[in-house]
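Here's the structure we're looking at; comments come further down.
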Amino acid sequence: METLKKFVEEEGVKLKLIADTGKDIKKLYGSGRVTYLIDKSGYIRFIQKGVPNNEDFLQQLQLLQ
């Protein structure tokens, strides 16, 4: 969570980011380290296995705003 907090502060991200500490999302979408960007309607707009490239992720966030 501290890493997400730092990322949000440094990049000025206004959207809610969550970490699946309770493994609830893992149960819905599968195992492994994966980053999903899900819009307000529940559609997955970005998937990155492993640690996402911050520039790619930020670009996808911009497209949603």
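The values are calculated or read from the model by the stated rules, or taken from the named source; none is laboratory data. All figures in this text were calculated on a predicted structure; none of them were measured in a lab. Neighbour counts are summed over all protein chains in view; Cβ atoms, including those assigned to glycine, are modelled from backbone coordinates with ideal geometry. Keep in mind that these areas ignore ligands, DNA and RNA; they rest on the heavy atoms of the full protein, side chains included. Shrake-Rupley method; radii C 1.70, N 1.55, O 1.52, S 1.80 Å.
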Practice task
Kindly provide log₁₀ I(q)/I(0) values, in the same order as q = 0.13, 0.18 Å⁻¹, from the Debye equation applied to equal alpha-carbon scatterers of the chain.
Solution key: -0.35, -0.71
Practice task
On the protein heavy atoms, probe 1.4 angstrom, tell me the percent of accessible surface of the chain carried by carbon and sulfur.
Solution key: 48 percent
Handout entry: the chain - accessible surface per residue (Å², probe 1.4 Å)
Key = 85 Å²
Practice task
Excluding residue 58 itself, calculate the net charge of residues whose Cβ lies under 12 Å from the Cβ of residue 58, where each Lys or Arg counts +1 and each Asp or Glu counts -1.
Solution key: -3
Problem - Length-normalised contact order of the chain in % [C-alpha pairs under 8 Å, at least 6 apart] - result: 20 percent
